[in-house]
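Undergrad: Structure provided below as structure tokens; questions to follow.
The values are calculated or read from the model by the stated rules, or taken from the named source; none is laboratory data. Quantities reported herein were computed from a predicted structural model and do not represent experimental measurements. Virtual Cβ from ideal backbone geometry, glycine too; neighbours counted across all protein chains shown. These area figures cover heavy atoms from the full protein model, side chains too; ligands, DNA and RNA do not enter into them. Shrake-Rupley method; radii C 1.70, N 1.55, O 1.52, S 1.80 Å.
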Amino acid sequence: MSGIVLSAAVRQHLLALQQTAANLATTQNDLSTGKKVNSALDNPTNFFTAQGLDNRASDISNLLDGISNGVQVLQAANTGITSLESLVNQAKSIADQALQTSIGYSTKSQFTSAAITGATAQNLLGTTTYTAGSFTGTAVDNNLASPVAITSATALTSATHADTLAATLATGSLVVNGQTVTFAAGSGTNSYGATGGTIYIGSGTVGDITSAINDIAGSGTATISSGAIVLSSGTSSTGLTIGGTSSILTSLGLNAGTSSGLGTSETAIAASGTNLIGTGSTPLASGSTLTIG
């Protein structure tokens, strides 16, 4: 088959049509992208200039996003500060109301207390003070034909000792501050101490009795003066309690006598035994309860 031969005019029209088609494709691409220059082939200078401007616009957009976030943070901080200011104003209002109130409480009760003896800034409980009480028993004579006042050397009862308290003395006990001193028959070794003990009638003396009382209640509690046994309570809060067998108390002259320094509720020592304590005041002590209604 022989080739197609185009005349010069036809060929010229064909080239024009091809150029028109190319221009049409370029125009359609520009319309679809919205850009006049889409590649470096279109216009190298304008393409790279446009690309640089696009990059700068993207950077500016990122900066605007950061600025927007910062503005939102500042708005949140402003909201918090406004809330705090409102709370401060409320507190100020409450404080002003409290200042305008003359008394912020109502009296429930009140009490007064006398001065506590011995109270200091370091010890508000104070100290207990007591005045010693004393008791002087009835004067007792010994069992001689010509009786004289007994002394600490006077025997209780003895067939071989002339100076005796009595011809016979009943056995029994003497109770001092709850501790028992037992009077036993016959002779033996007398033994006594802080917890009581035993005194033998046949070998004991009046001095053994006062010594036994002093061992239990404290030195100087029991002495002998002109045939009478003298008892002292001391200044201790525990005082002195003496009791025991009635006949023994009678023989020692402790069933009657005179007392001094005793409180109104105390009496002289009798056969049944009573308290001999000093007078005084007892301040608040540890463990005391104070009730306010």
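Undergrad: Which of the residues that make up the range 136-177 are over 18 Å from residue 245 (Cβ atoms) and touching a helix residue (DSSP H, G or I) at 6+ places or on another chain (Cβ under 6 Å)?
TA: If the condition is that a residue be over 18 Å from residue 245 (Cβ atoms) and touching a helix residue (DSSP H, G or I) at 6+ places or on another chain (Cβ under 6 Å), then 150, 152, 154 are the ones that fit.
Undergrad: Now for a different question. Could you check the range 163-202 and list, in sequence order, the residues that are in contact (Cβ under 8 Å) with a residue 24 or more places away in the chain, open to solvent by less than 40 Å² (accessible area, probe 1.4 Å), not in a loop (DSSP other than H, G, I, E, B) and not hydrophobic (A, V, I, L, M, F, W, C)?
TA: Across the range 163-202, the qualifying residues are 172, 173.
Undergrad: Let me ask something else. Only residues that are open to solvent by less than 90 Å² (accessible area, probe 1.4 Å) and at pLDDT below 80: list them for the range 33-50, please.
TA: Scanning the range 33-50 gives 33, 34, 37, 38, 39, 40, 42, 43, 44, 46, 47, 50.
Undergrad: Ok, one more. Please go through (1) open to solvent by less than 100 Å² (accessible area, probe 1.4 Å); (2) of a type outside the set (A, V, I, L, M); (3) under 27 Å from the mean Cα position of the chain (by Cα); (4) modelled with pLDDT of 65 or more for residue 110 and return the number of the only condition it doesn't satisfy.
TA: (1)
Undergrad: Something else now. Looking at the range 152-162, which of the residues that are open to solvent by 60 Å² or more (accessible area, probe 1.4 Å) and at pLDDT 90 or above is farthest from the chain's Cα centre (by Cα)?
TA: Residue satisfying both the conditions and the ranking: 153.
Undergrad: Continuing with this model, one more query. Within the range 139-151, take every residue that is polar (S, T, N, Q) and closer than 17 Å to residue 208 by Cα and give me the one that is modelled with the lowest pLDDT.
TA: 142
Undergrad: Filter the range 203-250 down to the residues that are under 39 Å from the mean Cα position of the chain (by Cα) and part of a loop (DSSP other than H, G, I, E, B), then identify the one that is modelled with the highest pLDDT.
TA: Checking each candidate, the answer is 218.
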